[in-house]
Amino acid sequence: MELAVYNIKGEDTGRKAQLSDEVFAVDANEHAVYLDVKQYLANQRQGTHKSKERSEVSGSTRKLHKQKGGGGARIGDINSPLLVGGGRVFGPRPRDYRFKLNKKVKQLARRSAWTYKVQDDQVKIIEDFTFEAPKTKEFVNFAKNLQAEGKKLLLVLPSQNKNVYLSARNVPNAEIITAKDVNTYALMNSNAILVTEGSLEVINNL
């Protein structure tokens, strides 16, 4: 598969970039994408939620009234979940939400995500570039030139670039990521993906 290569002014350079069919033209598996995104989001959860149960709330353990003969329902102490200020029944407890996903499933999910995005014409290949200094205005113009302004933009770089990162930091819905760190969630959460030529060598070997 080949895609046109653009410069940072949004002009077609006349060159073509070679994309691996094993990454960008696979038999996409929607369920694998779902599982990978689900795992990514689960891994972001801290799992530190906690509510106090009956044995943990502050209150006397004295039985409020005798078990029988009072004409009312039987009741224990004031910490009962049935009373205001009592403990919570089956409340949340700290837990780890992470779960295992096989490497081959994750690989299929990434390749499926790339395939979906290419089919939807949401991927553009651009020349390698850098900024001489961090300037948000330059990044905004760059996004505008490539028809990515106002969209959820994902820029894939071959390696960390401080000036580009700082230039994009204050731009809403713009994310900078290195080729080796590309994940299924980042791809599916974007609708304008700009890939530098230097990143293709890494992505083609995913």
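Distance between the 7 Å Cα→Cβ label points at Thr13 and Leu101: 3.3 nm. Given in Å, the Rg to one decimal and the Dmax to the nearest whole number for the Cα atoms of the range 119-192 are 11.6, 35. Shown here: the range 93-158, whose C-alpha atoms stretch 45, 35, 23 Å along the first, second and third principal axes, sorted largest to smallest. Over the residues of the chain, the helix contribution to mean residue ellipticity at 222 nm works out to -9000 deg cm²/dmol, using -39500 (n - 2.57) for each DSSP H run of at least 4.
Estimated at 0.36 nm per residue, the fully extended path between Gln67 and Asn189 surpasses their Cα-Cα distance by 38.0 nm.
For the pair Lys162 and Asp181, the difference between a 0.36 nm per residue extended length and the Cα-Cα distance amounts to 5.2 nm.
Within 10 Å, count the other beta carbons around each residue, average over each peptide in 31-40, 105-114, and list them highest first.
Values: 31-40: 18.4, 105-114: 21.6.
The packing order, highest mean first, is 105-114, 31-40.
For the chain, the relative contact order comes to 25 percent (Cα pairs under 8 Å, sequence separation of at least 6). Tally Lys and Arg at +1 and Asp and Glu at -1 over the other residues with C-beta under 9 Å from the C-beta of Asp77: what net charge comes out? Net local charge, Asp77 excluded: +3.
Of all lysines in the structure, those lying under 24 Å Cα to Cα from Lys135, and not within fewer than 8 positions of it along the same chain, are Lys9, Lys124, Lys144, Lys151, Lys152, Lys162.
Across the chain, the longest run free of exposed loop sites, meaning GluC sites (Glu not before Pro) lying outside DSSP classes H, G, I, E and B with no more than 13 other Cβ atoms within 10 Å, spans 57-131. Please list, by residue number, everything in the range 40-58 whose backbone N is under 18 Å from a paramagnetic label point 7 Å out along Cα→Cβ of Ile75. It comes to 54-55, 57-58, nothing else.
Considering the chain as a Gaussian network with a 10 Å cut-off on Cα pairs, which listed residue, Asn161, Asn141, Asn102, attains the greatest mean-square fluctuation? Among Asn161, Asn141, Asn102, the largest mean-square fluctuation in the Gaussian network model of the chain belongs to Asn102. Once both labels are positioned 7 Å from their Cα atoms along Cα-to-Cβ, the gap between Phe90 and Val140 label points is 5.2 nm.
Note on the chain: Cα-Cα pairs beyond 25 Å make up 53% of the total pair count.
Values in this text are rule-based calculations from the coordinates and carry no lab data. Only a predicted model underlies this, so the values are computations on that prediction, with no experimental measurement involved. Backbone-built Cβ (ideal geometry, glycine too); neighbour counts: all protein chains shown.
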